[in-house]
Amino acid sequence: MDYISTRGSAPTLDFRGATLTGLASDGGLYVPKHWPMLTRAEIAGLAGASYVDTAVTVMRPFVAGVLSDDELRALCTTAYGRFAHEGITPLVQLDHQHWLLELFHGPTLAFKDVALQLLGQLFEHFLKDSDQHLTIVGATSGDTGSAAIDGVAGREKVDIFMLHPLGRVSDVQRRQMTTVLAPNVHNIAIEGSFDDAQAIVKALFNDRAFNGRFTLSAVNSINWARLMAQIVYYFYAAVRLGAPDRSVAFSVPTGNFGDVFAGYVAAQMGLPVERLIVATNVNDILHRAFVSGDYSQGSVTPTATPSMDIQVSSNFERLLFDLSGRDGVAMAAMMAGFESTKAMSIPEDMIGSARALFSSARIDPDGMAMAMRWASDRAGQVLDPHTAIGLAAARSSGLDVPVVTLATAHPAKFRDAVERATGIRPSLPARVGTLFDREERYDTLPGTVDAVRDYVAERAVPAA
Ligand SMILES: *Cc1c(COP(=O)(O)O)cnc(C)c1O
């Protein structure tokens, strides 16, 4: 499979190149040159298949020419061997129509593990026989950082520098990052917001001299391999609920549009997806985009769902690229306009065709709390706040097919918010039990590009 940039002028890469690169050199994002299809028979054949077998079938076309089936299977077996549930992403029934797809059984309690455990394996595999050394630089509002650090801690040939906003991640999230003492892990608390941290990371990626001195790589969802790994659980869940004979809808708590974009890809590959519900909190740029084409950046309101407190959803560009007829030149112009004015009006013919598959809902804090109480009173399930936003959107969708809400985090990861809404304080699962006894290590830096550039340059391994 070849990978091309959404902005049309970066070099075409193979799967290895797309995995090891962050942003494309033209500022775009890498996508497969075409969407591969699974036949009805191939989808039917996934009935009863294990998660790893499903993963090999679904991801095979994306890695073709770079990884053999045996290699892919071995990497998946190791990546998913660390999950605490045999089903990896089990389905839980809530009522006659609603299901939860539990994506939080990995080491750091959020769905990010599903992709980042595999990405860690892919990095190691691709670097094994090369003299390349990767320098991963990322910013996190909490979940990506912990999952990425867990995925690469202790690996040779990789250093990870993870920026989090000082004092603005939960205690569980911070400790999941800062108690990892492997020498290749560098935690940086930035004096500033998540947006400040993300802007610093972008500036480093766009700094040609710096980017040339080190081999910079990305672990956030601009990395295609992450989205690829997330396509798998859409197939896994839908087949269990009757696909390909029955169509299923998914409700997805959305921030950067990565997780729900993976559902879009599953539909392009032939999975009968009735609808994808884009669930947002009050930071509703995506809801506005789907309702009226208004994609304009407001200021971020902090909520109980920090992983969705986002005003620019990087992966939305991948959908727009398809909606534009895969016109990289038009996309480059559109995105340049957005980057300079922080606003864009999506033409009605583009957003209109997206509405055939996508709908959206904006859930406020009351709607979130009501969904948490409904799930706990009526179905005996304690939900994390992000999942509750998804469930609230699912229950208000008016659909009459099975609706699967993606449960993106374990409730214990956000236990203060869960306790406020339900009175229940979820306890941490045994696999993270000693988190609060372990030593923490991180450095605090001012929120400036210079401070972070100097810090990384002193510690990273220059390109060979
Ligand atoms: C990252 C995250 C999301 C948002 O996912 P995107 O792929 O950015 O849309 C939702 N919930 C939780 C718990 C997350 O960690």
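When Ala330 is tested against the conditions (1) within 16 Å of the ligand (Cβ to nearest atom); (2) part of a helix (DSSP H, G or I); (3) surrounded by fewer than 17 Cβ atoms within 10 Å (Cβ to Cβ), the lone failure is (1). Is it the case that region 447-458 has a residue that's in contact (Cβ under 8 Å) with a residue 12 or more places away in the chain, surrounded by 13 or more Cβ atoms within 10 Å (Cβ to Cβ) and part of a loop (DSSP other than H, G, I, E, B)? Looking for residues that are in contact (Cβ under 8 Å) with a residue 12 or more places away in the chain, surrounded by 13 or more Cβ atoms within 10 Å (Cβ to Cβ) and part of a loop (DSSP other than H, G, I, E, B), one finds at least one in region 447-458, hence yes. Taken across region 157-178, residues that are more than 18 Å from the chain's Cα centre (by Cα) and closer than 25 Å to Arg73 by Cα do occur, with at least one present.
Suppose the filter is of a type in the set (Asp, Glu) and assigned to a loop (DSSP other than H, G, I, E, B); does Glu440 pass it? Yes; evaluated as a whole, the condition is true for this residue. (1) away from the ligand (no atom under 16 Å from the Cβ); (2) not in a strand (DSSP E or B): which one isn't true of Met344, the others all being true? Condition (2) is where Met344 drops out. Listed conditions (1) among the hydrophobic types (A, V, I, L, M, F, W, C); (2) in a loop (DSSP other than H, G, I, E, B); (3) buried (at least 22 other Cβ atoms within 10 Å of the Cβ) are all met by Ala148, apart from (2).
Checked against (1) touching a helix residue (DSSP H, G or I) at 6+ places or on another chain (Cβ under 8 Å); (2) aliphatic (A, V, I, L, M); (3) closer than 20 Å to Ala147 by Cα; (4) more than 14 Å from the ligand (Cβ to nearest atom), Ala421 passes all but condition (3). When the strands (runs of 3 or more DSSP E) confined to region 209-295 are screened for residues that are within 14 Å of the ligand (Cβ to nearest atom) and either touching a strand residue (DSSP E or B) at 6+ places or on another chain (Cβ under 8 Å) or at pLDDT 95 or above (or both), those reaching at least 3 such residues are found at 248-253, 273-280. Evaluating Leu320 against the criteria (1) surrounded by fewer than 24 Cβ atoms within 10 Å (Cβ to Cβ); (2) at pLDDT 95 or above; (3) away from the ligand (no atom under 16 Å from the Cβ) leaves one unmet condition, (3). Of the residues making up region 152-179, those that are under 22 Å from Thr215 (Cβ atoms), in contact with a helix residue (DSSP H, G or I) (Cβ under 7 Å, 6 or more places away or on another chain) and of a type in the set (A, V, I, L, M) number 5. Residues of region 374-413 that are in a helix (DSSP H, G or I), of a type in the set (Gly, Ala, Ser) and within 11 Å of the ligand (Cβ to nearest atom): Ala388, Gly390.
Here is the figure for region 120-148: residues that are within 14 Å of the ligand (Cβ to nearest atom), among the hydrophobic types (A, V, I, L, M, F, W, C), modelled with pLDDT of 95 or more and within 17 Å of Gly22 (Cα to Cα) total 1.
Exactly one residue out of Asp384, Asp349 is surrounded by fewer than 16 Cβ atoms within 10 Å (Cβ to Cβ) and of a type in the set (Asp, Glu), and it is Asp349.
The values are calculated or read from the model by the stated rules, or taken from the named source; none is laboratory data. Everything numeric in this text was worked out from a predicted model, so none of it was measured. Neighbour counts are summed over all protein chains in view; Cβ atoms, including those assigned to glycine, are modelled from backbone coordinates with ideal geometry.
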